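As structure tokens, the structure follows; a few thoughts come after it.
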Amino acid sequence: MSFLMQQMLGDKLKNMMGGGGGGEESGPAAGDGKETAESKGMTREEFEEYQKQLVEEKMERDKEFATRKAERANLRVLLRDKYRLPQSAQDDATVQIAGDDLDVPEELAKMVEEDEEQEEINDSFMGRLQNMEMDFDTIKAKAQSTITEVKQAAEEKCVLM
């Protein structure tokens, strides 16, 4: 932590004091273009620790980036499934590489669940009845004709009616 403070404030203090050293090469890079402990104003140990921390941070960023990329690919796969669109081999590969560490957004999971419930309702008997587009006058006429036929059959067989 102290080397970060020294890093942030060291150059500003040096510039304020006028400690640039007239004949020296100014800037963060030495003659070969690489950063050195001297160019950063740190001791060798602090510079090594700083370099190690930079590498760790880069690895962490890369890991988070890969996870986000896989989550987006997973989202695209789920949307393609939902809307019955053609699958992408690249997205499938990205999701498989990431494994089970992916999180599905809550809103999407809720939407998929609601769609599944709606499909179940539509597949049920009552759902089919509600979605039928039949002419109700035709149904009424069929029902009345059936009742009339039953009455006629009953009158023929029964003396009391």
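Summary table below
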quantity	calculated
Candidate lysines for bridging to LYS82, where Cα separation is under 28 Å - those fewer than 8 sequence places away on the same chain excluded	LYS69, LYS110
Segment ARG72-GLU49, length gained on full extension (0.36 nm per residue, minus Cα span)	4.8 nm
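The numbers here are math on the coordinates, done by the rules we state, and not lab data. A quick note: this is a predicted structure, and the numbers were derived from the prediction, not measured.
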